[in-house]
1. When you scan segment 12-54, how many residues do you find that are exposed (fewer than 14 other Cβ atoms within 10 Å of the Cβ), assigned to a loop (DSSP other than H, G, I, E, B) and among the aliphatic types (A, V, I, L, M)?
2. Would you mention how many residues in segment 77-111 are without any contact (Cβ under 8 Å) to a residue 40 or more places away in the chain and farther than 21 Å from PRO16 by Cα?
3. Can you pull out the residues in segment 34-53 that are in contact with a helix residue (DSSP H, G or I) (Cβ under 9 Å, 6 or more places away or on another chain) and acidic (Asp, Glu)?
4. Looking at (1) free of Cβ contacts under 8 Å to residues at least 60 places away in the same chain; (2) closer than 20 Å to ALA115 by Cα; (3) of a type in the set (A, V, I, L, M), which one does ALA15 not meet, given that it meets all the others?
5. For segment 13-30, how many residues meet the condition of being polar (S, T, N, Q) and modelled with pLDDT under 80?
6. Looking only at segment 83-141, which residues are over 21 Å from LEU41 (Cα atoms) and β-branched (Val, Ile, Thr)?
7. Go through segment 115-124 and report how many residues are open to solvent by 90 Å² or more (accessible area, probe 1.4 Å) and either within 23 Å of LEU84 (Cβ to Cβ) or at pLDDT 85 or above (or both).
Amino acid sequence: YEEILAQASNLNLNAPWLQWTGDLSETELIHAILAADVIALPFKEGANLRRSTLIMALSLGRPVVTTEPQTPIPFLESGHNIMLARRDDQADFARQLALILRYEPTLQRLERNAATLKQHFDWDVIAGQYVAAYEGVRGKG
């Protein structure tokens with residue numbers, strides 16, 4: 001935590017640019033994510049789709065900076081719909097975040113392309129994929 005604060009201070013990313021919220025209700029979290037210019041999610045073990053805040057931010061079409069997943073996630077493309085920093089490299093994370101905040105076309109591209117990721121988290125789509133897979137297996141039996 002202290003290292004993140006120091007790195008943010010070195011990059012002049014203090015309040016109001018950086019806010020620590022603590023625990024939020026689901027509604028408060030949605031409002032906070034929608035109000036944010038960028039969502040910064042530095043996971044020590046890397047991003048994965050078990051992280052509900054990551055899923056929510058992507059579902060809401062927000063630009064996200066997070067750490068490279070240990071196992072690639074095919075639809076996440078660094079520089080296109082998300083920014084992925086190297087794990088255990090705070091300076092790289094800070095560079096990726098600064099790039100988005102300082103270069104408006106990058107922010108706009110990530111926001112536009114992140115909005116297309118919602119389909120990957122839509123329960124109707126997911127349920128349809130399971131049904132199709134089940135029917136495919138059942139039909140081969």
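The values are calculated or read from the model by the stated rules, or taken from the named source; none is laboratory data. Quick caveat: nothing in here was measured; it's all calculated off a predicted structure. Ideal geometry is used to build each Cβ from the backbone, glycine not excepted, and the neighbour counts take in all protein chains shown. Remember, those area values only see protein heavy atoms, side chains included, never the ligands or the DNA or RNA. Shrake-Rupley method; radii C 1.70, N 1.55, O 1.52, S 1.80 Å.
1. Count: 2.
2. Within segment 77-111, the subset without any contact (Cβ under 8 Å) to a residue 40 or more places away in the chain is 77-84, 86, 89, 92, 95-96, 99, 102-106, 108-109.
Pick out the ones that are also farther than 21 Å from PRO16 by Cα and you get 77-84, 86, 89, 92, 105, 109.
Going through segment 77-111 one residue at a time, the tally reaches 13.
3. ASP37
4. Result: ALA15 fails condition (2) only.
5. Keep residues of segment 13-30 that are polar (S, T, N, Q), which gives 14, 19, 21, 25, 27.
Checking which are modelled with pLDDT under 80 leaves us with 14, 19.
Final tally of qualifying residues: 2.
6. VAL125, ILE126, VAL131, VAL137
7. So the answer is 2.
One line per residue, one yes/no per condition, for (1) in a helix (DSSP H, G or I); (2) buried (at least 17 other Cβ atoms within 10 Å of the Cβ):
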{"position": "MET56", "(1), (2)": "yes, no"}
{"position": "GLY61", "(1), (2)": "no, yes"}
{"position": "PRO72", "(1), (2)": "no, no"}
{"position": "LEU84", "(1), (2)": "no, yes"}
{"position": "GLN96", "(1), (2)": "yes, yes"}
{"position": "ILE100", "(1), (2)": "yes, yes"}
{"position": "LEU110", "(1), (2)": "yes, yes"}
{"position": "ASN113", "(1), (2)": "yes, no"}
{"position": "ILE126", "(1), (2)": "yes, no"}
